[in-house]
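Written out below as structure tokens is the structure these notes cover.
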Amino acid sequence: MSTKPRIPAELAAGFLMLGGGDTSPAARIAIPGELSRLAGIPIASNGSIQLDPVVHECIRLFNANYQGCEYCQNARQAVAVQAGLDEDMVSQLTRFETSSLPDHIKAALRIVDRISSAPQMLTADVLDTARGYFTEQEIYDIIILSCFTTSSKVAITLGVDPGKEASSRLFYPTDEAYPQSEDLQQAIEQLTKQGILVDESGDGFDPIGTKPGTTSSPA
Amino acid sequence: MANVNLRAEGPTEFDQIWGVRANYFACFIADHDASLARVDPLLIELCRLRMAQILGCDFAFSCRYAPAVAAGLDEAKIANISSYPNSPLFTPRERACIEFAEQFSMQSSSISDSDVERLLEHIDPETLIYFVKALSVTDQLLRGTVAFGITPGTTAPASLAQFVSAPSADAPLAVG
């Protein structure tokens, strides 16, 4: 694992974890914006993964720890924080089996853990246990998200992980990191109607680690 | 038997299962295909199949990357892929890349600076960037396919446009 570039600076120029815009070789291999909308943002937009935002964020952060991605480990999705994610939960993700995390999150993380380490070990009993908490579509989406959140292996391997300095904050769905689209805009409007803060302009909560002012779930 | 019960329309089990989130898969596979197109097709196909062995993806062996077939993919190499470190069928460059692909697949965070430096004796830095990206999308597709429990088929999935059926033991290579 390295945050020190293993490729020449001119080849790494313009690299971003989500989307690019530059034409350097590293920028060219960034995760496509539309793929980020469909899988990376814990909100229900047209055609996207549809999981409870806390479950979504726990999966993302579990894999961030597993892969060793500093950027991913230190970012927090504002929608998930407002839905109940807190730092006590985050601190328990790595040892989730012996944690006090809710059973449905443990069930989801068992799937993620198997897929990240040895997918052939994803057994029927692991999936059947998860079916006690999730719909078949949600099981499907947990599998997709488990795969998608391994994307950071590229940045880690090349030593271009932007690090915690670039990500230690709340990411709102209106963040410029996410390419705006009609589908995303509609989902954002829906969140706003539910009283969820979608940008930093709202009053209420902010710093990572504080309890949110609302527990409404957009899911 | 597959691990999930949802199915979309499609000619193969692979198409039916990955097609449940059609928009996601279309975006993913576009990035996947573009990423593989940036690297040596023969090299990435050998890496894909070695990674499939490690991850337990039998499905992956039922098809071949068509650009690799067109470039002269040697089935003898595939038959000997697990003995690549010592087999004379493999070039030093192929060995270095397959070994790196193994590491990437098993635990990429354990890849050290010296591992990268060793690979850079065989490929240039720009190629390394494209190679690592190609490994990542390959890794994701293999992991998902294993997790879904997709079984090998007799025809290549329609949604894998860049892949053709693998040759059976007594049939010639199918070239797309």
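Please treat every number below as a calculation from the coordinates, not as lab data. This is a predicted model, so every value here is computed, not measured. So basically every Cβ, Gly included, is an ideal-geometry build from the backbone, and we count neighbours across all protein chains shown.
Details
- Candidate set from segment A:170-184 (those that are under 20 Å from A:ARG76 (Cα atoms) and polar (S, T, N, Q)); member that is surrounded by the most Cβ atoms within 10 Å (Cβ to Cβ): A:THR174
- Only residues that are surrounded by fewer than 23 Cβ atoms within 10 Å (Cβ to Cβ) and more than 9 Å from chain A (Cβ to nearest Cβ) were counted in segment B:135-155, giving 5.
- Within segment B:105-125, being in a helix (DSSP H, G or I) and either more than 8 Å from every other protein chain (Cβ to nearest Cβ) or of a type in the set (Asp, Glu) (or both) holds for B:SER105, B:MET106, B:GLN107, B:ASP113, B:SER114, B:ASP115, B:GLU117, B:ARG118, B:LEU119.
- Against the conditions (1) part of a helix (DSSP H, G or I); (2) surrounded by fewer than 21 Cβ atoms within 10 Å (Cβ to Cβ); (3) in contact (Cβ under 8 Å) with a residue 40 or more places away in the chain, A:ASP88 satisfies every one except (3).
- Subset of segment A:97-128 (residues that are of a type in the set (Val, Ile, Thr), more than 23 Å from B:MET106 (Cα to Cα) and surrounded by fewer than 18 Cβ atoms within 10 Å (Cβ to Cβ)): A:THR98
- Checking every residue in segment A:30-51 against the condition of being free of Cβ contacts under 8 Å to residues at least 60 places away in the same chain, surrounded by fewer than 23 Cβ atoms within 10 Å (Cβ to Cβ), closer than 19 Å to A:THR174 by Cα and in contact with a helix residue (DSSP H, G or I) (Cβ under 9 Å, 6 or more places away or on another chain) gives at least one match.
- Annotation: of all residues in segment B:1-17 being in a helix (DSSP H, G or I) and more than 9 Å from chain A (Cβ to nearest Cβ), the one that is surrounded by the most Cβ atoms within 10 Å (Cβ to Cβ) is B:PHE14.
- Candidate set from segment A:93-131 (those that are assigned to a loop (DSSP other than H, G, I, E, B) and farther than 13 Å from A:GLU57 by Cβ); member that is nearest to the other protein chains (Cβ to nearest Cβ): A:LEU122
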